[in-house]
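Worksheet: one structure, shown below.
The values are calculated or read from the model by the stated rules, or taken from the named source; none is laboratory data. Only a predicted model underlies this, so the values are computations on that prediction, with no experimental measurement involved. Cβ atoms come from the backbone with ideal geometry, glycine included; neighbour counts cover every protein chain shown.
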């Protein structure tokens with residue numbers, strides 16, 4: 001599979017969850033594990049641009065797919081992704097544990113629907129639990145992210161599903177083997 | 001003090017790291033750590049006949065399996081943190097149970113393996129032969145004492161305490177009207193999104209132990225581990241890194257893992273990590289909130305309370321490691337913002353075969369508020385008086401401060417309210433609430449509350465100006481999301497006249513600051529905030545002393561601003577703080593030009609030693625703050641709700657909070673705390689319920705069935721502020737961490753009672769429960 005544009009080896013054991021694989025084998029600890037039964041959404045990542053719960057998938061099920069984690073939204077040193085920036089501006093996080101899951105779920109939502117209604121936003125974040133904020137600031141952050149993304153016509157990387165990996169014609173600049 | 005940052009809605013400094021996925025939570029550490037997993041009791045009460053770990057020890061990848069018999073401290077009771085004379089029968093568990101288990105989830109064996117998967121496999125192979133014993137699961141059953149949780153604790157009574165002001169019996173006898181109510185508040189659970197985790201590494205060469213722990217009190221963990229392992233405390237470092245929410249249960253210590261992870265790391269010579277999963281978090285981490293209150297109240301024809309008698313039982317769970325702080329807080333806070341001339345409170349803390357209880361956000365206050373507010377609503381109904389008016393008639397008035405309640409507080413002193421304006425809170429709450437929405441099945445809920453915050457004994461801080469001119473500061477208390485790195489930077493930046501982004505705060509790391517107590521009881525801003533302020537003031541004084549030599553000006557004529565020490569009224573006569581930091585070290589060495597600025601050959605010659613008597617090198621200082629008493633925050637919550645008459649779904653139409661926590665450091669952070677508290681309160685009032693069966697099994701230990709509210713259940717609260725500064729600390733601040741949650745149960749109960757016309761005497765509620773109440777009520 002590819003994770004944040006980088007080819008990764010198969011998981012060391014077949015029963016490894018995708019969440020554990022990303023954290024333990026890829027060192028991408030921004031993906032958090034809150035419940036391990038698919039309710040809290042802390043472990044949300046993008047699979048081919050769509051939000052999925054990495055605790056409900058085996059890593060081997062992601063073979064042949066592109067996984068984007070929160071670390072892949074805005075590479076270190078670059079500006080924050082609009083969703084991340086909106087969270088910062090709106091105080092959309094406190095302890096930060098649920099935050100990567102929210103950020104990825106909202107990124108997935110806005111990938112599919114760049115102009116959501118307030119009702120669609122409410123439903124879009126209603127699969128993630130936050131125990132700190134009480135959601136008001138997260139709602140504001142989504143509205144702000146919509147504004148920011150409309151101001152920036154070409155969203156930063158991680159936002160749109162990359163072209164599928166096809167053998168022989170790798171998108172060379174981003175592909176690297178580890 | 002200039003107040004440039006204090007009070008401003010500064011965006012949080014810690015956010016970017018967390019947003020990029022670069023946070024550092026305990027489970028993020030690895031360093032090829034071995035992984036631990038517990039074998040836990042499936043029984044709520046059982047005698048252990050035997051434990052067989054042979055198969056587990058032989059399982060693939062297993063490095064060790066520990067039972068109590070394998071531990072040098074296996075026969076020691078874990079510490080009782082806060083003893084109290086009334087706690088006559090305090091009991092704590094052992095690290096690993098070997099004779100009797102007293103709640104489902106009590107730890108029996110600890111497996112260490114190459115990874116968590118293998119550790120869980122092996123834990124399943126631990127064979128324990130249990131002889132089940134009778135189970136006591138509700139506080140009422142504990143009071144009946146047909147069975148005992150501890151053989152040597154008669155009546156299951158861990159503690160009892162009675163306090164009285166005035167003469168309650170006489171006042172009740174003379175009262176024109178009296179009412180009796182039984183008010184039940186069930187157990188709840190904090191459920192931070194990060195469950196608990198501990199990681200430890202033993203360095204045999206340096207004989208140092210390093211522990212990362214998702215705790216609210218790393219300094220206490222460090223002290224305990226040093227004693228237990230016979231190490232100098234200076235050889236034990238404990239770090240609470242990013243912690244994914246605390247809300248109380250992470251102030252509890254010691255959980256068994258907090259001993260076993262470091263112990264096994266020392267034994268095995270490898271880092272060891274244990275990360276709790278959600279299922280075991282439900283069982284193994286302390287709960288809160290089970291209390292049943294019998295209330296008798298006497299009042300006059302105008303609805304003024306003349307006597308209040310509250311006799312309550314408290315569900316302590318199987319052990320009392322945290323003492324009896326919860327019922328003590330309930331007892332002290334029941335009368336809340338109201339003047340009650342005759343008040344008697346009696347509690348019994350009772351053992352049950354359930355997970356032990358200790359503070360969860362609110363910590364006995366939600367119960368207290370529920371009791372008082374339900375009682376006032378009952379008085380209003382009895383007298384046919386408007387509910388707001390009944391409250392107005394009973395509120396303590398602004399000229400009555402300091403107000404001595406006469407009741408013992410959690411710090412051992414009496415609860416004395418320092419300042420406030422309760423009638424103004426009520427008026428502002430009603431104003432913000434506005435007119436009642438049209439429609440049927442709409443109800444109004446209302447509650448006024450106080451919150452004792454900023455409890456001692458103390459916190460400290462170290463503030464240092466680096467030779468770059470940037471500032472680093474450290475305090476012992478860790479953050480679990482409260483924004484310490486921002487609000488404390490605001491306090492320091494104001495005193496030192498620097499940009500808030502140039503102040504880096506370290507918290508919860510004993511390597512950086514070894515003194516302190518912990519993050520609990522809404523005390524961080526009051527105690528550590530004022531300690532930061534004290535330390536920064538010393539640094540500012542020192543900077544002025546040093547700069548005064550350089551500028552040949554009296555220190556009193558200097559001020560700190562724009563990153564410089566400058567002459568008041570002559571801002572161009574200034575020394576950069578960076579240069580002062582270099583000058584503060586007589587060696588005066590620095591890369592990048594600093595040495596030239598500070599060379600002794602540019603400064604005027606000085607008599608005497610380079611380091612004057614009593615001075616220390618470095619532009620740094622340590623400060624402490626120890627409060628003379630708690631600061632009492634206060635507030636009013638009010639709501640309109642609608643209850644669907646067919647499904648009993650709850651819709652919160654408007655939720656208003658007016659809050660007074662003294663001077664506000666950062667309104668963004670404060671409103672986040674309040675809104676988050678309201679959400680937890682709504683969860684605890686209508687969605688979350690811990691369902692124990694008669695065998696003591698928690699039947700809903702997952703997020704599928706323990707319903708933490710999603711965004712769809714939580715409205716945006718309308719938040720207003722009053723600022724009545726506390727006279728008890730230089731910053732005038734009070735705590736705010738628990739204010740959002742305290743009155744929510746009372747408000748929701750009040751509103752639902754109003755909407756449905758049925759008496760509500762219990763928490764939590766649910767659609768099913770409302771259906772039952774409605775079906776039972778006379779038409």
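Of the residues B:487, B:465, which single one is within 14 Å of chain A (Cβ to nearest Cβ) and surrounded by 21 or more Cβ atoms within 10 Å (Cβ to Cβ)?
Result of the check over B:487, B:465: B:487.
I'd like to verify a number: residues in the range B:61-81 that are part of a strand (DSSP E or B) and either within 30 Å of residue A:24 (Cβ to Cβ) or at pLDDT below 95 (or both), how many?
Of the residues in that region, 5 qualify.
Can you pull out every residue in the range A:72-105 that is in contact with a strand residue (DSSP E or B) (Cβ under 7 Å, 6 or more places away or on another chain) and under 16 Å from residue B:669 (Cα atoms)?
Scanning the range A:72-105 gives a single hit, A:96.
Mind checking which residues of the range A:29-54 are within 11 Å of chain B (Cβ to nearest Cβ) and surrounded by fewer than 24 Cβ atoms within 10 Å (Cβ to Cβ)?
A:29, A:36, A:37, A:38, A:39
So how many residues does the range B:40-60 have that are touching a helix residue (DSSP H, G or I) at 6+ places or on another chain (Cβ under 9 Å) and not in a loop (DSSP other than H, G, I, E, B)?
The total comes to 5.
Limited to the range B:630-665, what total is found for residues that are part of a strand (DSSP E or B), over 30 Å from residue B:411 (Cα atoms) and in contact (Cβ under 8 Å) with a residue 40 or more places away in the chain?
Total satisfying the criteria: 12.
Of the residues that make up the range B:714-728, is at least one within 11 Å of another protein chain (Cβ to nearest Cβ) and assigned to a strand (DSSP E or B)?
yes
Of everything in the range A:7-28, what is surrounded by fewer than 17 Cβ atoms within 10 Å (Cβ to Cβ), more than 16 Å from the chain's Cα centre (by Cα) and more than 8 Å from every other protein chain (Cβ to nearest Cβ)? Give them in sequence order.
Passing the criteria: A:7, A:9, A:10, A:12, A:14.
Residue B:210 is checked against (1) more than 14 Å from chain A (Cβ to nearest Cβ); (2) closer than 16 Å to residue B:358 by Cβ and fails just one. What number does that condition carry?
Result: residue B:210 fails condition (2) only.
Considering the range A:55-79 alone, what residues qualify as being farther than 20 Å from residue A:106 by Cα and crowded, with 23+ Cβ neighbours inside 10 Å?
A:59, A:62
What tally of residues in the range B:6-39 results from selecting those that are in contact with a helix residue (DSSP H, G or I) (Cβ under 8 Å, 6 or more places away or on another chain) and modelled with pLDDT under 95?
Of the residues in the range B:6-39, 1 are in contact with a helix residue (DSSP H, G or I) (Cβ under 8 Å, 6 or more places away or on another chain) and modelled with pLDDT under 95.
Please specify each residue of the range A:135-160 satisfying the condition of being in a loop (DSSP other than H, G, I, E, B) and either surrounded by 15 or more Cβ atoms within 10 Å (Cβ to Cβ) or modelled with pLDDT of 95 or more (or both).
Within the range A:135-160, A:135, A:155, A:156, A:157, A:158, A:159 qualify.
Can you report the number of residues in the range B:178-213 which are touching a residue at least 60 places away in the same chain (Cβ under 8 Å), closer than 26 Å to residue B:265 by Cα and part of a strand (DSSP E or B)?
8
Testing residue A:85 on (1) surrounded by 24 or more Cβ atoms within 10 Å (Cβ to Cβ); (2) within 11 Å of another protein chain (Cβ to nearest Cβ); (3) over 13 Å from the mean Cα position of the chain (by Cα); (4) in contact (Cβ under 8 Å) with a residue 12 or more places away in the chain, one condition comes back false. Which one is that?
Only one criterion in (1) surrounded by 24 or more Cβ atoms within 10 Å (Cβ to Cβ); (2) within 11 Å of another protein chain (Cβ to nearest Cβ); (3) over 13 Å from the mean Cα position of the chain (by Cα); (4) in contact (Cβ under 8 Å) with a residue 12 or more places away in the chain is unmet by residue A:85, namely (1).
Please state which one of B:116, B:102 is within 14 Å of chain A (Cβ to nearest Cβ) and under 30 Å from residue A:131 (Cα atoms).
B:116
Does the range B:40-60 contain any residue that is on the phi > 0 side of the Ramachandran plot and either in contact with a strand residue (DSSP E or B) (Cβ under 6 Å, 6 or more places away or on another chain) or at pLDDT 95 or above (or both)?
Checked against the condition, which is being on the phi > 0 side of the Ramachandran plot and either in contact with a strand residue (DSSP E or B) (Cβ under 6 Å, 6 or more places away or on another chain) or at pLDDT 95 or above (or both), the range B:40-60 yields no hits at all.
Out of everything in the range B:17-41 that is more than 25 Å from the chain's Cα centre (by Cα) and under 19 Å from residue A:90 (Cα atoms), what residue ends up being nearest to the other protein chains (Cβ to nearest Cβ)?
B:21
Across the range B:144-177, what is the total count of residues that are in contact with a helix residue (DSSP H, G or I) (Cβ under 8 Å, 6 or more places away or on another chain) and either surrounded by 18 or more Cβ atoms within 10 Å (Cβ to Cβ) or assigned to a strand (DSSP E or B) (or both)?
6
Restricting to the range B:680-709, what's the tally of residues that are within 10 Å of another protein chain (Cβ to nearest Cβ) and touching a helix residue (DSSP H, G or I) at 6+ places or on another chain (Cβ under 9 Å)?
So the answer is 10.
Identify, please: which residue in the range A:101-134 is surrounded by 24 or more Cβ atoms within 10 Å (Cβ to Cβ) and more than 18 Å from residue B:708 (Cβ to Cβ) and is, among those, nearest to the other protein chains (Cβ to nearest Cβ)?
Taking the candidates together, the pick is A:103.
Of all residues in the range B:394-410, which are part of a loop (DSSP other than H, G, I, E, B) and modelled with pLDDT of 95 or more?
Answer for the range B:394-410, where residues must be part of a loop (DSSP other than H, G, I, E, B) and modelled with pLDDT of 95 or more: B:396, B:397, B:401, B:402.
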